[in-house]
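These notes are about the structure you will find just below.
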Amino acid sequence: MKPSQKSAWNPDRLDARAFAEAQGHLQIETPLARLPRLREEADSGAPSLGDVQWTAAAELRPGASGGAPSPWLRLTAHASLPLTCQRCLGPVDTPLEVDRWFRFVADEATAEAQDDDAEEDLLAMEPRPSLFDVLEDELLMALPLVPLHSTCPVDVVLKAGDPGVPDEEAPPRNPFAALERLKKT
Ligand SMILES: [Zn+2]
């Protein structure tokens, strides 16, 4: 086995094939503030953002039709992001978990062509991907649609129209539907 020239892999421009051939493994702690799209989702009243602990590990797997082995990458991440509770509008620390496999294909065009048929997620090897972008995409997808405290720290006065409050002014069901049924008989 030839000695590796690389002492560290570059997660900003990952050489996916070499990383997979070496069964590479990265364990990184990144400040959430470094991920701008995620930072935008954070509650502005939160005192500070923490870090995301994440790993990337790769391996080669046999190609689908006996072709060249494909690099696969597993990305895991744990983070806690303060989001805005949609009930009391205060910050709610929301755990985010990612654990996903990706298969690398040659380039963007191949990824696009195979995307509909592939069950797994595809990434292009060229241009070399930034794992920070992949990580941020996955964390954004892990965000809950409606962040809520399980119990809000303040008393919230529920108003009609809030989720979970029956709306007394809901209009009666469409009277014409009943008419239509009468016509048919
Ligand atoms: Zn709340």
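Values in this text are rule-based calculations from the coordinates and carry no lab data. Because the structure is predicted, anything quoted here is derived from the model rather than measured. Cβ: placed from backbone, ideal geometry, glycine included. Neighbour counts: every protein chain shown.
Mind checking which of Ala109, Ala77, Val134 is farthest towards the positive end of region 77-136's charge dipole, using Cβ charges of +1 (Lys, Arg) and -1 (Asp, Glu) about the Cα centre?
Toward the positive end, the furthest listed residue is Ala77.
How large are Rg and Dmax for region 67-134 when calculated on the C-alpha trace, in angstrom?
For region 67-134, the Cα-based Rg and Dmax read 16.7, 55 Å.
Please compute the net charge surrounding Thr94, taking Lys and Arg as +1 and Asp and Glu as -1 over other residues with Cβ under 10 Å from its Cβ. Present the calculation step by step, with values, prior to reporting the outcome.
On the way: positive: none; negative: Glu41, Asp43, Asp93.
The answer is -3.
What is the magnitude of the charge dipole of region 17-101 about its Cα centre, with +1 placed on the Cβ of each Lys and Arg, -1 on the Cβ of each Asp and Glu, and no other charges, expressed in debye to the nearest 20? Don't jump to the answer; show the numbers that get you there.
Working: 8 positive and 10 negative charges, 52 e Å.
Approximately 260 debye in magnitude.
With the contact rule set at Cα under 8 Å and sequence spacing of 6 or more, what percent relative contact order holds for region 63-126? Provide the component values of the computation, followed by the final result.
Working: 95 pairs, mean separation 18.6, N = 64.
Rounded, it is 29 percent for region 63-126.
Please list the three semi-axes, largest first and in whole Å, of the ellipsoid equivalent to region 17-73, using sqrt of 5 times the eigenvalues of its alpha carbon gyration tensor. If you can, show how the numbers build up before the last one.
Working: eigenvalues 260, 31, 9 Å².
Semi-axis lengths for region 17-73 are 36, 12, 7 Å.
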